[in-house]
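Below is one structure, written out as structure tokens; the observations come after it.
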Amino acid sequence: MKVADRIARLRALMEQNGIDAYIVPTADFHQSENAGEYFKCREFISGFDGSYGTVMIAKDEAGLWTDGRYWTQAEKQLEGSGISLFHMFEDGVPTMEEYLAQIVPENGKVAFDGRVVSMEEGQDLEKALASKNITIEYSCDLVGDVWEDRPEISKEPVFVLDEKYTGESVASKLERVRNVMKENGATAHIIASLDDVCWLINMRGNDVVYYPLIFSYALVKLDGMDLFIDENKLNDEAKALLAENNITVRPYNDIYEEVKNLKAGESVMIDPMKLNYALYNNIPEGVEKIEHQNPTILMKAMKNDVELENIKNAHIKDGIAVTKLMHWMKTNVGKIKITEMSAARKLEEFRKEQEGYIRDSFEPICAYKDHAAMMHYAPTDESDVEVLPEHLFLTDTGGGYIEGSTDITRTFVMGPVADELKTHFTAVVRGMLNLSRAKFLYGCFGYNLDAIARGPIWDLDIDFKCGTGHGVGYLLNIHEPPTGFRWQIVKSKNEHHKFEEGMVLTNEPGVYVEGSHGIRIENEMIVTKGEKNEFGQFMHFETITFAPIDLDGINPDEMTKFEREWLNNYHAQVFEKIGPHLTEEEREWLKEYTRAI
């Protein structure tokens, strides 16, 4: 069925139910960034498969709201669908709420599945539509009614993550959460975000493509906890761990009725950004609602010493794989056929050679030439192209290891390139390494430091339409709140916490020229304490990603002395840490690509 036909069927259902506009976000019941196959309603109804965006279907028009990472991709994928593209965060572009307030008539009706819309988003919509007395209907899944061959919700089993990897017991984590509940006067706390539940119970699963998450909800009480999950997912080890911590297993969907049983006089702690609108509206009147960020968000972002040591080990393994790919591509291009997809498969082969590898930590981005201008391009059978001994090849990928998840980007020079591309490449490298070597006072946020990375790129009158970096979870979400690097303060991104010791973040500036090229260099870093003196607590970053940065793309004359020194020191570490794990041929090659400049 074509996208236009799907929209026509959806509009027929809207007509039957007196609905003027229907909203389809990119979400599951847990506000996850990446939804499982069952939840890809926005992709089904629009044809746009980016990881971020919301579709609105009205009687005579339709729109997709997404950010700058996906504009090029969305324009192509929306062709012929009748859906207009709205550039989020651009001046003069209305938000979806503002647009709905314009087009929906007085006393009209806007509908959506309240399980896939966050409490905060639902409330924002209420405010935007209140002046026109517009009704909000949140209990209908109309896309599900159109989607005849919809996949099932995953039934994959869970696995327990041992304390030698987590560094903390379930009992300790629950105690810390309950302490926050007591401080805020809460008798219960609803946790609906998958990564927070997984972190709390020291378990992982396979319910979302690439992300080792488990479809589940938690209702934490002062004297126990209910875990809402398909019990068939649990093996004996998992059941024993839950029982040991006084955690009762309940059917997955029972959470919606259970919250209705909260009694007047009780108080429940909820996170407006991490609770869906339907759950929120099921909390009875008379129950005090205490709005507070899930305490697990900050707890899991601040990795303990055991986690950090494991993550560093994972990055050595991943650096070996990426270095092997770089050697393989640069020595074989033009001699054997290499395509975007075959390069991705080759990297997966190298990762599988590493002990503890589980799977890729997100969908591989392997992009040649102009494909790399699309920040989140992923090759398909239709788009896959051959890599020739010329131009640039970008690979943004990650490995999921038992010791943690990785996220690394390198741009390889595959042959002769124009001076302009070298200038762009050098600016990106300079931005990345300048942020890497930054010192700052405790209390700084990402928006205090973002310009350090953008500076060399802004000097060229160029910008990139995304953040410079994000938090990374421990074998969880590759994009992890509550902090990141971004020059704008974007409420929906949940990246507004000051840097704390033990946080792991990416550093990935870039240049993207539509129709020509894309360049990104990405390392991960740990937030670390430095000197404390009369001026305050100084902080810095420890780089933990080790793989060569392609010297063929760098013009040393455009770098400062300090920038060259940092890069030379970094490459010396790459050779020291990665070299011993390579073949003699690969090691000799690496010596050349980590030489001092």
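What follows is calculated from the coordinates using simple rules that are stated; it is not laboratory data. Since this is a predicted model, take the numbers as computed values, not measurements. Cβ atoms come from the backbone with ideal geometry, glycine included; neighbour counts cover every protein chain shown.
Taking a virtual spin label 7 Å from the Cα of Glu79 along the C-beta vector, which residues in the stretch 355-389 bring their backbone nitrogen under 15 Å of it?
Flagged as within label range: 371, 382-384.
Report ³J(HN,Hα) in whole Hz for each residue of the stretch 519-532, in order, from the Karplus equation J = 6.51 cos²θ - 1.76 cosθ + 1.60 where θ = phi - 60°; Gly and Pro get x.
With coefficients 6.51, -1.76 and 1.60, one gets 10, 9, 10, 9, 10, 9, 9, 9, 6, 10, 6, x, 6, 10 Hz.
Taking the Cα-to-Cβ direction at Ala243 and at Asp461 and moving 7 Å from each Cα, how far apart do the two end points lie in nm?
So the label points at Ala243 and Asp461 sit 7.1 nm apart.
Enumerate the amide H contacts of Ser405 below 5 Å, restricted to partners 5 or more residues apart or on another chain; note that Pro and chain-start residues carry no placed amide H.
Leu475, Leu476
Pop out the ³J(HN,Hα) list for the stretch 586-597 in order, Karplus 6.51 cos²θ - 1.76 cosθ + 1.60 with θ = phi - 60°, rounded to Hz; leave Gly and Pro as x.
Those phi angles translate into 5, 5, 5, 4, 4, 4, 5, 8, 10, 5, 6, 10 Hz.
Below 8 Å, C-alpha to C-alpha, sequence gap of six or more: please give me the relative contact order for the stretch 54-176 in percent.
So the answer I get is 17 percent.
Projected area of the chain, taken from the Cα convex hull and averaged over every viewing direction, in nm²?
27.8
Put a dot 7 Å past each Cα toward the Cβ at Glu501 and Lys591; how far apart are the dots in nm?
It is 4.1 nm.
If amide H atoms are built 1.01 Å from N in the plane of the peptide, which residues on other chains or at least 5 residues away come under 5 Å of the amide H of Leu85?
Leu64
Ranked highest first by the average count of other Cβ atoms within 10 Å around their residues, in what order do 90-100, 169-179, 496-506 fall?
Top to bottom by mean Cβ count within 10 Å: 496-506, 169-179, 90-100.
Which peptide among 196-204, 420-428 comes first, and what is the full order, when sorted by highest mean count of other Cβ atoms within 10 Å?
196-204, 420-428
Counting each DSSP H run of 4 or more residues in the chain as -39500 (n - 2.57), what helix-only mean residue ellipticity at 222 nm follows after dividing by all residues, to the nearest 500 deg cm²/dmol?
About -10000 deg cm²/dmol.
Using the Karplus equation 6.51 cos²θ - 1.76 cosθ + 1.60 (θ = phi - 60°), what ³J(HN,Hα) coupling, rounded to whole Hz, does each residue of the stretch 418-427 give in order, writing x for Gly and Pro?
5, 4, 4, 5, 5, 5, 5, 4, 5, 4
Taking the Cα centre as origin and putting +1 on Lys and Arg beta-carbons and -1 on Asp and Glu beta-carbons, what dipole magnitude results for the stretch 159-300, to the nearest 20 debye?
The calculated dipole for the stretch 159-300 is roughly 200 debye.
Which residues' amide hydrogens lie under 5 Å from the amide hydrogen of Ser118, considering only partners 5 or more residues apart or on another chain, with H built in the peptide plane?
Here the answer is Tyr277, since their amide H atoms fall under 5 Å of that of Ser118.
Pulled fully out, how much extra length does the chain show between Thr380 and Glu61, if you take 0.36 nm times their separation in residues and subtract their Cα-Cα distance?
Full-extension gain reported as 111.9 nm.
At 1.567 mPa s and 4 °C, plugging the Kirkwood radius over alpha-carbon pairs of the stretch 3-146 into Stokes-Einstein gives what diffusion coefficient in µm²/s?
For the chosen part, D equals 86 µm²/s.
Normalised by the number of residues in the chain, what is the relative contact order in percent for Cα pairs under 8 Å and 6+ residues apart?
Normalised by residue count, the contact order of the chain is 11 percent.
Dividing the Cα convex hull volume of the stretch 302-593 by residue count, how many Å³ per residue is that?
It is 132 Å³ per residue.
Within a 10 angstrom radius of the beta carbon, how do Val574, Val110 rank from fewest other beta carbons to most?
Ordered by Cβ neighbours within 10 Å, fewest first: Val574, Val110.
What is the extension gain from Asn133 to Ile290, computed as 0.36 nm multiplied by their sequence separation minus the C-alpha to C-alpha distance, in nm to one decimal?
Full extension from Asn133 to Ile290 adds 53.8 nm.
Length gain on complete extension for the stretch Val490 to Glu90, per 0.36 nm per residue less the alpha carbon to alpha carbon distance?
Stretched fully, the Val490-Glu90 segment lengthens by 142.8 nm.
Which ordering of His315, His327 is given by a fewest-first count of other beta-carbon atoms within 10 Å?
In increasing order of surrounding Cβ atoms, one gets His327, His315.
Which aspartates and glutamates, if any, have their Cα less than 20 Å from the Cα of Lys260, not counting same-chain residues under 8 positions apart?
Cα-Cα hits under 20 Å: Asp113, Glu120, Glu137, Asp223, Asp226, Asp271, Glu285, Glu288, Glu291.
Could you state the angle between the C-alpha long axis of helix 305-332 and the longest principal axis of the C-alpha atoms of the chain, as a value from 0 to 90 degrees rounded to the nearest 10?
So the helix axis and the longest Cα principal axis differ by about 60 degrees.
How many angstrom separate the Cα center of the stretch 247-305 from the Cα center of the stretch 358-388?
38
Taking 7 Å along the Cα-to-C-beta vector as the label spot, tell me the Glu576-Asn304 distance in nanometres, rounded to one decimal.
Modelled inter-label distance: 3.0 nm.
Hey, what angle do you get for helix 561-578 against the long axis of the chain, alpha-carbon based, 0 to 90 degrees rounded to 10?
80
In what sequence do Thr380, Thr26 fall when counting other Cβ within 10 Å, fewest first?
Least crowded to most crowded, the residues run Thr380, Thr26.
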